[in-house]
């Protein structure tokens, strides 16, 4: 299995990949996208996603595409040109939310935070009260900011349920690794990705829409259809409800792989998976400073599954990461935005969140850094 850009995985066959369940679904026979067996599998994946999202939302499904497709799916269904979108920005993926909303034609109001520090939810709520007469279409936030290793506090945004403003949440790096509580937090639409803490291959984007969000989709003017046919939530439910209709040719191979990954996750148990990610993340983060690395995120908002760290003085970013990959079979993500060339993003997610991953990385770093 190839790593995602921000993941740390031990590459190669055999002993380097002791978790074959990660790709177990890929061995299933290929099914047609309207085959009854595939539709039953797809429905079961939806049930499993409801459990991991901790939601009762009936429209909860994997969209064909990566996590960015999930982001666009949520925004394109909920925004029209001229709508006001309030976006919390304290990293690269908050910036991407702004760009997608801008391309839809929304009036984007940025609530800025320092890269490497958590957003203040009170500022987001204040922006909702004072912008567009308190009638902004949505507030969007990244739960686990992949570019900085910061967990944003989003539970206070449940207060948006008392307004007409929808709450959209990016859970790409958090789902399966730390608690995500869609219903308890009052989230109206959320999206994720399959290759991170869910432990499957890339290519699918789990999404979930509340009834409040679906009412927004239904209320759009008839002469203003959603600009994306492919990501129209009103059409995607062709795979969810009978009578099933053709919408696009979904990959049974990817859906099978996600089904297997979610099965492994629930065999372990969500609380146990969260605890494993916490324990392994703290193991790595406790050892890095002794090697000259400086952790970026404050301890109280530091993600265990994604560690952003400044490099030791004098370390050549590109050269060292190439040697890690070529000589030790380990890949880490480089810094983004203001951290480019100065920091790494080390992912210990899903099957990679194991003691052996930490031991292998630390051993390699001791060799490379002398």
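The numbers here are math on the coordinates, done by the rules we state, and not lab data. This one's a predicted model, so the numbers in the text were calculated from it and none came from an experiment. Positions of Cβ are backbone-derived with ideal geometry, glycine not excepted, and every protein chain shown enters the neighbour counts.
Simple spin-label model, 7 Å along Cα-to-Cβ: residue 184 to residue 290 in nm?
Placing both labels 7 Å beyond Cα along the Cβ direction yields 3.5 nm.
Could you identify which residue out of 243, 179, 118 has the top mean-square fluctuation in a GNM of the chain using Cα springs shorter than 10 Å?
Its mean-square fluctuation being the largest, the pick is 243.
Once each part is reduced to its C-alpha centroid, what is the distance from the stretch 250-277 to the stretch 307-348 in angstrom?
Here the answer is 28 Å between Cα centres.
Mind checking the angle between helix 67-78 and the chain's longest principal axis? C-alpha axes, 0 to 90 degrees, to the nearest 10.
The helix 67-78 is inclined about 20 degrees to the chain.
Set the Förster distance to 30 Å, then compute FRET efficiency between residue 266 and residue 340 from the Cβ-Cβ distance, nearest 0.05.
The calculated FRET efficiency here is 0.20.
Please say if the chain is rounded, prolate or oblate, where rounded means a/c under 1.5 for a ≥ b ≥ c the square roots of the C-alpha gyration tensor eigenvalues, and otherwise the choice is prolate for a/b larger than b/c and oblate otherwise?
The shape class here is oblate.
By how many degrees, between 0 and 90 and to the nearest 10, does the Cα long axis of helix 36-53 differ from the longest principal axis of the chain?
Long axis of 36-53 versus the principal axis of the chain: about 70 degrees.
Between 163, 60, 194, which gets the highest mean-square fluctuation from a Gaussian network model of the chain, Cα cutoff 10 Å?
Comparing 163, 60, 194 in a Gaussian network model of the chain, the most mobile one is 163.
If you stretched the chain out fully between residue 219 and residue 35, how much longer would it get, using 0.36 nm times the residue separation minus the C-alpha to C-alpha distance?
Numbers: separation 184, 0.36 × 184 = 66.24 nm, distance 3.25 nm.
Going from the current span to full extension adds 63.0 nm.
At a Förster radius of 35 Å, what calculated FRET efficiency corresponds to the Cβ-Cβ distance of residue 300 and residue 227, to the nearest 0.05?
That gives a FRET efficiency of 0.30.
By the gyration tensor of its Cα atoms, with a ≥ b ≥ c the square roots of the eigenvalues, what is the shape of the stretch 157-270: rounded for a/c under 1.5, prolate for a/b over b/c, or oblate?
oblate
Which number do you get for Rg(Cα) / (2.2 N^0.38 Å) in the stretch 70-193?
0.93
With springs only between Cα atoms under 10 Å, which of 45, 172, 100 fluctuates most in a Gaussian network model of the chain?
Comparing 45, 172, 100 in a Gaussian network model of the chain, the most mobile one is 100.
Of the DSSP beta bridges with both residues in the chain, give the percent that are antiparallel, rounding to the nearest 5.
55
Given points 7 Å out from each Cα along the Cα-Cβ axis, report the residue 158 to residue 80 separation in nanometres with one decimal.
3.2
On a C-alpha basis, how far is the centre of the stretch 282-304 from the centre of the stretch 143-169 in Å? Whole number, if you could?
Taking the Cα centre of each part, the stretch 282-304 and the stretch 143-169 sit 24 Å apart.
Could you give the length gained on full extension between residue 43 and residue 322, defined as 0.36 nm per residue of separation minus the Cα-Cα distance, in nm?
Length difference between fully extended and current span is 96.3 nm.
Taking 8 Å as the Cα distance limit and 6 or more residues as the minimum spacing, I'd like the relative contact order of the stretch 270-369 as a percentage.
31
Angle, helix 121-130 long axis vs. longest principal axis of the chain, Cα atoms, 0 to 90°, nearest 10?
The answer is roughly 30 degrees.
Expressed in nm to one decimal, what extension gain is obtained for the pair residue 68 and residue 99 from 0.36 nm per residue of sequence separation less their Cα-Cα distance? Don't skip to the end; give the middle numbers.
Numbers: separation 31, 0.36 × 31 = 11.16 nm, distance 1.16 nm.
Once the chain is fully extended between residue 68 and residue 99, it gains 10.0 nm.
Can you give me the distance in nm between label points at residue 56 and residue 122, each placed 7 Å from the Cα along the Cα-to-Cβ direction?
3.4
For residue 240, project a label point 7 Å along Cα to C-beta. Then give me every residue of the stretch 198-216 with its amide nitrogen under 11 Å of that point.
Under 11 Å, as judged by backbone N against the label point of residue 240, lie 207-215 of the stretch 198-216.
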